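The values are calculated or read from the model by the stated rules, or taken from the named source; none is laboratory data. Note that the structure is predicted; figures quoted are calculated from it, not measured. In this analysis, Cβ positions are derived from the backbone assuming ideal geometry, glycine residues included, and neighbour counts consider all displayed protein chains. The area values use the complete protein model at the heavy-atom level, side chains included, leaving out ligands, DNA and RNA. Shrake-Rupley method; radii C 1.70, N 1.55, O 1.52, S 1.80 Å.
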Amino acid sequence: MKLLGVLLLGMLLGALAYREFGDVRAPASSQDCASACPTIGAATNAHPMPPPAPAATPSDSRPAAAAAPIPDTSSVEPRTAATPPAQLLIPVEGKTAADLSDTFADARSQGRSHDAIDIMAQAGTPVVAVADGHIEKLFDSKPGGLTIYQFEPSGKFAYYYAHLQRYADGLAEKQTIRRGQVIGYVGSTGNASADAPHLHFAIFVLGPERRWWEGSAINPYPLLTGK
């Protein structure tokens with residue numbers, strides 16, 4: 001009788017505990033958790049956590065450098081390695097830019113282009129050096145007559161004066177000359193017409209060998225007139 005009473009008391013206590021605490025088993029998977037824990041799942045989807053920020057490097061803490069201003073080059077003439085460094089002196093005494101004509105691209109016999117400009121003047125008018133340099137070669141040729149090849153100091157350019165009546169007294173090869181110095185006189189030697197004395201003036205870009213008889217012609221007109 002006493003044993004039966006103990007069993008009945010145990011069954012009564014077990015029933016009361018189940019009613020109070022219910023089933024406390026954990027969900028079997030994350031899928032079960034999503035349905036079993038709707039409050040947590042909703043919060044995760046609505047506000048995803050941002051990825052962690054990368055660690056700052058020492059350069060991140062420096063203030064950004066101000067952008068350098070871009071210079072206005074719209075009015076600057078392009079400079080190339082084939083351009084002498086400064087405007088040249090007009091090589092015939094008494095002539096101005098208004099007296100010059102751009103004949104650089106004019107056609108010549110045998111399909112040649114002029115590759116120079118002609119400055120018309122009376123025979124005997126002094127011819128002056130367009131820039132500092134030295135006399136590299138004095139030469140008498142059939143087409144050019146009495147000619148002068150002047151090298152400028154860097155040796156990149158040769159100035160060519162042709163159809164001279166004569167050289168200035170004392171002019172010699174390897175002689176240093178100054179801008180504006182008289183080096184010869186306008187004439188009609190070579191294939192120039194005796195009725196139209198003039199100075200044939202050219203500029204050549206020299207190769208690394210610095211040969212006076214070789215070079216690529218560039219137009220002297222803008223360098224003499226600034227146009």
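Figures for the structure shown
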| quantity | calculated |
| --- | --- |
| Ranking by accessible area, most exposed first, for Lys156, Lys174, Lys137, Lys227 with a 1.4 Å probe | Lys227, Lys174, Lys156, Lys137 |
| Placed amide H near Val128: partners under 5 Å, 5+ positions off or other chain | Val92, Glu93, Ile183 |
| Cut-off under 5 Å, modelled amide H: who pairs with Phe157 long-range | Glu152, Leu206 |
| Reach of Lys156 by Cα under 29 Å, taken over lysines that are not fewer than 8 positions away in the same chain | Lys95, Lys137, Lys142, Lys174, Lys227 |
| Debye, to nearest 20: dipole size of the range 143-202, +1 on Lys, Arg Cβ, -1 on Asp, Glu Cβ | 220 debye |
| Surface share of carbon and sulfur [accessible, 1.4 angstrom probe, percent] for the range 87-227 | 49 percent |
